[in-house]
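Asker: Dumping the structure here so I can ask a few things about it.
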Number of protein chains: 2
Amino acid sequence: MNRSFRLAPGAPKPLSAAAMASDKATPAAEAAERPRARTPRGFADRRAGELAAERRIVEAVARTYESYGFEALETGAFEYADALGKFLPDADRPNEGVFALRDDDEEWMALRYDLTAPLARFVAQNWETLPKPFRRYAFGKVWRNEKPGPGRYREFVQCDADTVGSGRPEADAEIIAMAVAGYAAAGLPREAYQLKINNRKLLNGLLTAAGVASEGQKLAVLRAVDKLDRLGLQGVKLLLGEGRLDESGAFTRGAQLDHAAVDSVLAFVSAGAGGREATLSRLANVIGGSAEGEAGLAELSRIGAALASFGVGEDQALFDPSVVRGLEYYTGPVFEAELLAETVDEAGAAVRFGSIGGGGRYDDLVARFTGERTPATGFSFGVSRLVAALAATGRADGLAARGPVVVIAFDEARMADYFAVAAELRAAGLSAEVFLGQAGMRAQMRYADRRLSPAAVILGEDEIAAGQVTVKDLDLGRELAAGVTDNKAWREERPGQVTAPRAELVATVRAIVGRAR
Amino acid sequence: MNRSFRLAPGAPKPLSAAAMASDKATPAAEAAERPRARTPRGFADRRAGELAAERRIVEAVARTYESYGFEALETGAFEYADALGKFLPDADRPNEGVFALRDDDEEWMALRYDLTAPLARFVAQNWETLPKPFRRYAFGKVWRNEKPGPGRYREFVQCDADTVGSGRPEADAEIIAMAVAGYAAAGLPREAYQLKINNRKLLNGLLTAAGVASEGQKLAVLRAVDKLDRLGLQGVKLLLGEGRLDESGAFTRGAQLDHAAVDSVLAFVSAGAGGREATLSRLANVIGGSAEGEAGLAELSRIGAALASFGVGEDQALFDPSVVRGLEYYTGPVFEAELLAETVDEAGAAVRFGSIGGGGRYDDLVARFTGERTPATGFSFGVSRLVAALAATGRADGLAARGPVVVIAFDEARMADYFAVAAELRAAGLSAEVFLGQAGMRAQMRYADRRLSPAAVILGEDEIAAGQVTVKDLDLGRELAAGVTDNKAWREERPGQVTAPRAELVATVRAIVGRAR
């Protein structure tokens, strides 16, 4: 592997000229070698408003998980590639969908693509010293080497909870109940989403009963069913059989099931959702009576009973045979939370929002390391998806972050006075800053306005001589500009700016900031 | 680049056998292909106690930065390698100290090694639409492809604040004052550390005056001076001249200064710390009178004046000509926060803890993209170092995280009752869980003890029949075992376990948990 960076070829143009320029740092002749300022494809910069929304969600979900007795754990961004395994459905992407590199000892490392595979490694490494069952939650970035595109990110935040060392269906039910509690804590109304539960043993049992023995063929069936939302029953039918030709002319080879097996699978995935008990009865009729299928049904039945004792309503969590989850490592129950609200895309068309989280049981993932089957189950919040979902359901606060109180700087010799004002406001619990650029009063006001600051403090020579301070209500200015407030009210009740004795600085600012919406 | 993972050669042994094993998941013959459960070199798993300490620090520092009017920003983990630049001192490491890989469009991407280089890229990309000066804070992981070793991590957390678009020395002073406020908010006592300030223009000016014109030679001088702590004056002297042979026999080529220049540099770096005014006077005598040196002195003087108006004491932030900082991109003032407390290593020897943060002015970093000089200054908390520093100064809370109240599970048929108890405790604001493994009462108690749970709830057939609940004080058990509490006090005042009416569950648990330290 080539250890040196490839220099960017050609002569990228700078995107913008710096307005604050003082002097040219590089001669024009060097411009050709300047790197272009841009984010890598599929990576995004995120500003204060979005980050605040995300932090609120992560904190609420983490608090919920802790209240259920789950402890925090954080693993590194990298895992050895062999430890991470290949469980993503992206078999056609570089390194099967992960970002991998070779360390200087020639070992392949890869960035984690979820928080479950690193947990399995951690548990295998530390099993002897862990309390069992081991219950942990984790949040952090995960990376997937997917094909980037508009709105398709290759880095996102997940927040997971897992119970390792319990094979009880009650552990699955608890994970589902916690997910429901987590969505509530994050502020998602219960009618906005549904949590769908299935068990891979049902479909596996059905396939075994239909004579399908190959694991590869079973996986191909799972992946075909996973595309039901996107391709519909007819598309899935093709993928279960010989294969499917898409609009672009590309052919996807199918699972090669015979007609009878294809029909069984389609009958199964169409057995539909509804009340948990009713769905269980319908499923009993279409799983073909295999031992594995029966075991899966019995597990679902115990999960249903436990969900009832957790108070999880039939409308919040239901059994749905069409849910399979894309990751290969699930061995039993699988869960998927789906936003029901439709949102509107840039072109105004209604779009299904889809999955906002999911999980399941993965009893073989620790055994990859230890050779000993270790039952495990968990759920993962797609945090970035949830931020977007809250925005889509109108539950997110505005994503614009408010700026600080800005102290206008007039005179180099008076900087100490301005800093004293800012310090006094901060001591009173307000955010405040002295303007530190080089600009006149109007530009400083424009700056405060762009920061969405609630107020500006003016301490000119007149104010200093008179022992006073002037505070300007910037929200009022914005409201006037937007036509929200009329001039009359402005003159009578909200003067726009107040000059007060310097000793009343904090009270005067508070009165104005308190009005800020 | 080879797109496929290299499979681990040989037959790694599993580290542990799973105690909860139910059946063999893989035949013994497959053991040879099992991956070994281990963290990549230089990466660590972190448990609840350490994470809680880190989150407290990050939240305190972020709140401080927001109160100064800095807004949150987060950039992606990856940057294009050309955008990131090569500013690390690790010229001899793979990819000069960063983790890099080639994307599927053949562009080189690298994980960020700090939060400053991505900020420069962000600012260059968005300059036109940003409020100016642009003030942002950020926290997150950074990655360095350093040589791993015991206690030397290649992934760590930084928390930065930067002001871009202000060349005022007051902006540098504000950054220093904020760092001091951040350390205070994080709980570090002011006598535990010092913030040292220097200006690269002093040494640059001195070198220019001594006839050193080459940038490479100046950088070599900076890097030699940066090793003062580790090698002492004598070692630095060698590195300023022809070079130095270390204990292992490796020769490091020096900066090739002549004797007079070496002596000037040594006199400069020995000009010592102390009161800010006194140091400025001493420095005036050793910088050789170049224009750049004079400009550097004037900046330091204004920084000193602003620090006084911020109320930053002479003992908290001082001028020290031996501070240079390893990163190449600094152009003027540089800052370094150093823990004064000595800590003790595993062998019992006193060790200097060293740097817990630093920063400086980097007026050319945005110009790499735009060609226009854009003044910028910032400070970075080494969060992981600060967690360790707080522990070393005895200011960290215990790193052991408390577990939840554990509801003992006796009877499959009674799970709903146990879940109801846990739900009731959670609704009252307590963390609680039902034991979900398969184990007897003693093993369940042992589990609760390993989780450092304050209490266990026992709801056996007797309790259920009598409408009662028994709550066991687990801290008392631990204290008895540690000899902290004697038997007499135990019998008279702290009964160890209480049986109460079921309706008094919450009050009974609260009384015991409230005693927990």
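Asker: Measuring nothing but label to label, 7 Å from Cα along Cα→Cβ, what are B:ALA350's distances to the other copies in nm, shortest first?
Answerer: When each copy's label point is compared with this one, the spacings are 7.5 nm.
Asker: Still on this structure: With the crude spin-label approximation of a point 7 Å out along Cα→Cβ, what separation in nm comes out for B:ASP315 versus A:THR129?
Answerer: Modelled inter-label distance: 4.0 nm.
Asker: Right, something else. Residue separation times 0.36 nm, minus the C-alpha to C-alpha distance between B:ARG63 and B:TYR153: what's the value? Numbers along the way, then the final one.
Answerer: Values: separation 90, 0.36 × 90 = 32.40 nm, distance 2.70 nm.
Fully extending the segment from B:ARG63 to B:TYR153 adds 29.7 nm.
Asker: Compute the longest continuous run of chain B that contains no exposed GluC sites (Glu not before Pro); treat a site as exposed when its DSSP state is not H, G, I, E or B and it has at most 13 other Cβ atoms within 10 Å.
Answerer: Details: sites that count: B:GLU106, B:GLU242, B:GLU247, B:GLU346.
Result for the longest clean stretch: B:347-517.
Asker: Skipping prolines and chain starts, which residues have an amide H placed within reach, meaning under 5 Å, of the one on B:GLY274, given they are 5 or more residues away or on another chain?
Answerer: The list, which skips near neighbours in sequence, is B:PHE319.
Asker: Still on this structure, please answer the following. Evaluate Rg over Rh across the protein assembly as shown, taking Cα atoms for both radii and Kirkwood's formula for Rh. Mind showing how you got there, number by number?
Answerer: Values: Rg = 31.6 Å, Rh = 31.9 Å.
Rounded to two decimals, Rg/Rh equals 0.99.
Asker: Between helix B:291-309 and chain B, what is the angle of the helix's C-alpha long axis to the longest principal axis, kept within 0 to 90° and rounded to the nearest 10?
Answerer: Its long axis makes an angle of about 40 degrees.
Asker: Whole-Hz Karplus ³J(HN,Hα) for segment A:347-354, in order, using 6.51 cos²θ - 1.76 cosθ + 1.60 and θ = phi - 60°, x for Gly and Pro?
Answerer: Residue by residue, segment A:347-354 yields 7, x, 7, 5, 10, 6, 6, x Hz.
Asker: For every other residue with a beta carbon closer than 14 angstrom to the beta carbon of A:ALA261, add +1 if it is Lys or Arg and -1 if Asp or Glu, then tell me the sum.
Answerer: Numbers: positive: A:LYS218, A:LYS237; negative: A:GLU242, A:ASP258, A:ASP263.
That works out to -1.
Asker: Follow-up question, since we're still on this one. What is the Cα convex hull volume of segment A:405-515 when expressed per residue in Å³? Spell out each step's value before the answer.
Answerer: Details: hull volume 11.0 nm³, N = 111.
So the per-residue hull volume is 100 Å³.
Asker: Determine the shielding of peptide B:414-420 by partner chains: average, over its residues, the number of Cβ atoms on other chains within 10 angstrom of each Cβ. Before the final figure, lay out each step's value.
Answerer: Values: counts 0, 7, 6, 1, 2, 9, 3.
The mean count of partner-chain Cβ atoms within 10 Å per residue comes to 4.
Asker: Give the angle, between 0 and 90 degrees and rounded to the nearest 10, that separates the Cα long axis of helix B:169-186 from the longest principal axis of the Cα atoms of chain B.
Answerer: Value to nearest ten degrees: 20.
Asker: Just to check I understand the Karplus step: with θ = phi - 60° and J = 6.51 cos²θ - 1.76 cosθ + 1.60, what whole-Hz values come out for segment B:317-325, glycine and proline as x?
Answerer: Result, rounded to whole Hz: 9, 10, 8, 9, x, 8, 7, 10, 6.
Asker: Given charges of +1 on the Cβ of Lys and Arg and -1 on the Cβ of Asp and Glu, with all other atoms neutral, how large is the dipole of segment B:405-515 about its Cα centre, in debye to the nearest 20?
Answerer: Working: 14 positive and 16 negative charges, 71 e Å.
Around 340 debye, computed over segment B:405-515.
Asker: May I pose another question? For B:ALA255, list long-range residues whose amide hydrogen, built 1.01 Å from N in the peptide plane, is under 5 Å from its own amide hydrogen.
Answerer: B:LEU240, B:GLY241
Asker: Considering only DSSP beta bridges whose two residues both sit in chain A, what percent are antiparallel, to the nearest 5?
Answerer: Numbers: 57 of 67 bridges.
If I count the DSSP bridges inside chain A, around 85 percent turn out antiparallel.
Asker: Right, something else. Suppose every Lys and Arg Cβ carries +1 and every Asp and Glu Cβ carries -1, with no other charges. What dipole size does segment B:326-388 come out with about its Cα centre, to the nearest 20 debye?
Answerer: On the way: 5 positive and 9 negative charges, 41 e Å.
Dipole size: approximately 200 debye.
Asker: Here's another thing I want to ask about it. Show me, for segment A:335-342, the HN-Hα J-couplings you get by feeding each phi into the Karplus relation (A = 6.51, B = -1.76, C = 1.60, θ = phi - 60°), rounded to Hz, glycine and proline as x.
Answerer: Ordered by residue, 3J(HN,Hα) equals 10, 8, 9, 10, 6, 7, 4, 8 Hz.
Asker: Tell me the distances, shortest first, between A:GLU215 and the same position across the other copies, using label points 7 Å along Cα→Cβ, in nm to one decimal.
Answerer: Once sorted, the set of distances for A:GLU215 reads 5.6 nm.
Asker: A:PHE251 versus B:ALA267, label points 7 Å from Cα toward the beta carbon: distance in nm?
Answerer: 8.5 nm
Asker: Residues with amide H under 5 Å of B:GLY69's amide H, sequence separation 5 or more or different chain, H placed in the peptide plane at 1.01 Å from N; which?
Answerer: A:ALA432
Asker: For chain B, what number results from the quotient of the Cα radius of gyration and 2.2 N^0.38 Å?
Answerer: Details: Rg = 29.2 Å, N = 517, 2.2 N^0.38 = 23.6 Å.
Dividing the Cα radius of gyration by 2.2 N^0.38 Å gives 1.24.
Asker: Could you tally the net charge around B:GLY293, taking each other residue with its Cβ under 14 Å from the Cβ of B:GLY293, Lys/Arg +1 and Asp/Glu -1? Working shown, then result.
Answerer: Numbers: positive: B:ARG200, B:LYS201, B:LYS218, B:ARG282; negative: B:GLU292, B:GLU294, B:GLU299.
Once positives and negatives cancel, what remains is +1.
Asker: Of A:ALA306, A:ALA267, B:LEU283, whose Cα points farthest to the positive end of the dipole of the protein assembly as shown (charges on the beta-carbon: +1 Lys, Arg; -1 Asp, Glu; origin at the Cα centre)?
Answerer: Highest projection toward the positive end goes to A:ALA267.
Asker: Hey, another quick one. Nearest 10 degrees, 0 to 90: what angle lies between the long axis of helix A:200-209 and the longest principal axis of chain A (Cα atoms)?
Answerer: Relative to chain A, helix A:200-209 is tipped by roughly 30 degrees.
Asker: Pairs of Cα atoms under 8 Å, at least six residues apart: use those to get the relative contact order of segment B:206-305, whole percent.
Answerer: Numbers: 99 pairs, mean separation 25.1, N = 100.
Reported relative contact order: 25 percent.
Asker: Can you work out which chain A residue has the shortest Cβ-to-axis distance for the rotation that carries A onto B, and give it in Å?
Answerer: A:LEU101, 2
Asker: Right, next: Can you give the % of DSSP beta bridges in segment A:405-515 that are antiparallel, to the nearest 5? Present the calculation step by step, with values, prior to reporting the outcome.
Answerer: Details: 9 of 14 bridges.
Bridges in segment A:405-515 that DSSP calls antiparallel: roughly 65 percent.
Asker: Evaluate the charge dipole of the protein assembly as shown about its Cα centre and quote only its size in Debye, nearest 20, assuming +1 on the Cβ of each Lys and Arg and -1 on the Cβ of each Asp and Glu. Could you put the intermediate results ahead of the total?
Answerer: Numbers: 128 positive and 142 negative charges, 39 e Å.
In total the dipole reaches around 180 debye.
Asker: Still on this structure: What whole number of Å gives the distance from the Cα centroid of segment B:433-455 to the Cα centroid of segment B:258-292?
Answerer: Measuring centre to centre over Cα atoms gives 65 Å.
Asker: Multiplying the sequence separation of A:ALA481 and A:ALA349 by 0.36 nm and subtracting their Cα-Cα distance, what value in nm do you get? All intermediate terms of the calculation are to be shown ahead of the outcome.
Answerer: Numbers: separation 132, 0.36 × 132 = 47.52 nm, distance 3.26 nm.
Net length gain for the segment: 44.3 nm.
Asker: A further question follows. Can you pull the mean other chain C-beta count within 10 Å for peptide A:173-184? Could the numbers behind the result be given before it?
Answerer: Details: counts 3, 5, 0, 0, 2, 0, 0, 0, 2, 0, 0, 0.
The shielding value for this peptide is 1.
Asker: Now, a different point. What are the distances, in nm and sorted shortest first, from the label point of A:ALA308 to the label points of the same position in each other copy, with each label point placed 7 Å from Cα along the Cα-to-Cβ direction?
Answerer: Copy-to-copy label distances for A:ALA308: 7.9 nm.
Asker: Let me ask something additional. With both partners inside the protein assembly as shown, how many of the DSSP beta bridges are antiparallel, as a percent to the nearest 5?
Answerer: Working: 120 of 140 bridges.
Around 85 percent of the beta bridges assigned by DSSP in the protein assembly as shown are antiparallel ones.
Asker: Quick one: P(r) of segment B:39-137 from all Cα-Cα pairs, 5 Å bins, percents rounded to integers, in order of increasing distance.
Answerer: Each 5 Å bin holds this share of Cα pairs: 2, 10, 15, 16, 18, 17, 14, 7, 1.
Asker: Could you work out how far the C-alpha centroid of segment A:297-360 sits from that of segment B:125-148, in angstrom?
Answerer: About 37 Å separates the Cα centre of segment A:297-360 from the one of segment B:125-148.
Asker: Okay, moving on. Do any trypsin sites (Lys or Arg not before Pro) in segment B:199-265 lie in a loop, going by DSSP, with at most 16 other beta-carbon atoms within 10 Å of their beta carbon, and if so which? Let's see the in-between values first.
Answerer: On the way: sites: B:ARG200, B:LYS201, B:LYS218, B:ARG223, B:LYS227, B:ARG230, B:LYS237, B:ARG244, B:ARG253; in loops: B:LYS227.
Here no loop site has a sparse enough neighbourhood.
Asker: Using alpha-carbon pairs under 8 Å, 6+ residues apart, how would you state the relative contact order of chain A in percent? Present the calculation step by step, with values, prior to reporting the outcome.
Answerer: On the way: 882 pairs, mean separation 69.5, N = 517.
Answer for chain A is 13 percent.
Asker: Taking K and R as +1 and D and E as -1, what net charge do the other residues with C-beta under 12 Å from the C-beta of A:LEU111 add up to? All intermediate terms of the calculation are to be shown ahead of the outcome.
Answerer: Values: positive: A:ARG112, A:LYS141, A:ARG144, A:ARG154, B:LYS141; negative: A:GLU79, A:ASP114, A:GLU155, B:GLU155.
Result for the local shell: +1.
Asker: Helix-only estimate, please: 222 nm mean residue ellipticity of chain B, summing -39500 (n - 2.57) across DSSP H runs of length 4 or more and dividing by its residues, to the nearest 500. Working shown, then result.
Answerer: Values: 18 runs with 198 residues, N = 517.
So the helix-based figure for chain B works out to -11500 deg cm²/dmol.
The numbers here are math on the coordinates, done by the rules we state, and not lab data. What you see is a predicted model, and the numbers here were worked out from it, not measured in a lab. Cβ coordinates were reconstructed from backbone atoms using ideal geometry, including for glycine residues, and neighbour counts include every protein chain displayed.
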